[in-house]
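Report on the following structure.
The values are calculated or read from the model by the stated rules, or taken from the named source; none is laboratory data. Worth saying up front: this structure is predicted, and the values here are computed from it rather than measured. Reconstructed Cβ throughout: ideal geometry from the backbone, glycine too, with neighbour counts over all protein chains shown.
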Amino acid sequence: MNIVLFIIFGLAAAVIIYLILIFNNLVTLKHSVAKAWANIDVLLAQRHDELPRLVEVCKQYMTYEQETLRRVMQARSAVAAAREQNNVAALGPAETQLRGGLGNLFALSEGYPDLKANENFRHLQFRITEMENAIADRRELYNEIVNLNNIRIEQFPDIIIATLFNFNPKPLLVFRDEEVSDVKIKSLFD
């Protein structure tokens with residue numbers, strides 16, 4: 001009789017420990033998703049602060065390109081609004097718009113030798129390009145962690161713990177087809 005109770009308590013303890021491990025792993029994934037988003041948010045905030053400086057430098061030279069500068073600032077506002085609301089779904093299209101505007105701006109700068117020679121412009125262009133690359137890296141990491149989270153909360157037996165403790169799927173940071181397709185350089189000069 002004592003051996004049977006010992007086996008039952010041992011199995012119950014093993015199940016409880018296993019469920020605790022599942023819960024702790026789900027908590028770790030949830031916080032990893034939040035951390036990955038926070039890392040993207042930091043870079044978006046830094047770029048948000050740099051863009052007005054770039055536009056101001058460009059305004060001094062690009063008297064005929066005000067529409068391009070206006071579109072960059074509108075896209076900057078759309079990214080900021082999505083970022084402030086933690087709206088991952090709205091961030092993708094806003095990022096696509098901003099990247100297109102920056103691509104146009106940098107392509108148009110080729111026609112302004114004084115602007116290209118301006119040290120502030122070169123520094124800002126380098127810094128923003130560097131941030132764009134870092135944001136792309138962070139997006140990849142975010143999507144990987146979100147994917148792991150979403151898989152875990154749908155797998156058995158994790159789904160039981162996820163349902164009991166309200167672990168929800170997180171949205172992937174998705175971009176429009178234009179963002180992931182090849183850049184059509186000719187369109188940047190039209």
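Tell me whether the stretch 159-168 contains one or more residues that are closer than 30 Å to His48 by Cα, buried (at least 16 other Cβ atoms within 10 Å of the Cβ), modelled with pLDDT of 80 or more and aliphatic (A, V, I, L, M). So far as the stretch 159-168 goes, no, none of its residues is closer than 30 Å to His48 by Cα, buried (at least 16 other Cβ atoms within 10 Å of the Cβ), modelled with pLDDT of 80 or more and aliphatic (A, V, I, L, M). Look at (1) surrounded by 20 or more Cβ atoms within 10 Å (Cβ to Cβ); (2) under 24 Å from Lys59 (Cα atoms); (3) of a type outside the set (S, T, N, Q) and you find that Arg139 fails only one, number (2). Taking the criterion of being of a type in the set (D, E, K, R) and either part of a helix (DSSP H, G or I) or surrounded by 16 or more Cβ atoms within 10 Å (Cβ to Cβ) (or both), the residues of the stretch 110-122 that qualify are Asp114, Lys116, Glu119, Arg122.
Every residue, every condition in (1) buried (at least 20 other Cβ atoms within 10 Å of the Cβ); (2) β-branched (Val, Ile, Thr); (3) outside any helix (DSSP H, G or I), yes or no:
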| position | (1), (2), (3) |
| --- | --- |
| Leu51 | yes, no, no |
| Val57 | yes, yes, no |
| Val72 | yes, yes, no |
| Ala82 | no, no, no |
| Gly92 | no, no, no |
| Thr96 | no, yes, no |
| Gly100 | no, no, no |
| Asn104 | yes, no, no |
| Leu108 | no, no, no |
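Any residue at all in the stretch 57-72 that is at pLDDT 85 or above, of a type in the set (A, V, I, L, M), farther than 30 Å from Asp158 by Cβ and out of contact with any Leu (no Cβ under 6 Å at 6 or more places or on another chain)? No: zero hits.
Regarding Ser77, is this residue in contact (Cβ under 8 Å) with a residue 40 or more places away in the chain, part of a helix (DSSP H, G or I), under 25 Å from the mean Cα position of the chain (by Cα) and surrounded by fewer than 18 Cβ atoms within 10 Å (Cβ to Cβ)? When the stated conditions are applied, Ser77 does not pass them. The set of residues in the stretch 7-65 being closer than 30 Å to Phe126 by Cα and small (Gly, Ala, Ser) consists of Ser32, Ala34, Ala36, Ala38, Ala45. Within the stretch 26-34, one or more residues are touching a residue at least 24 places away in the same chain (Cβ under 8 Å) and under 12 Å from the mean Cα position of the chain (by Cα).
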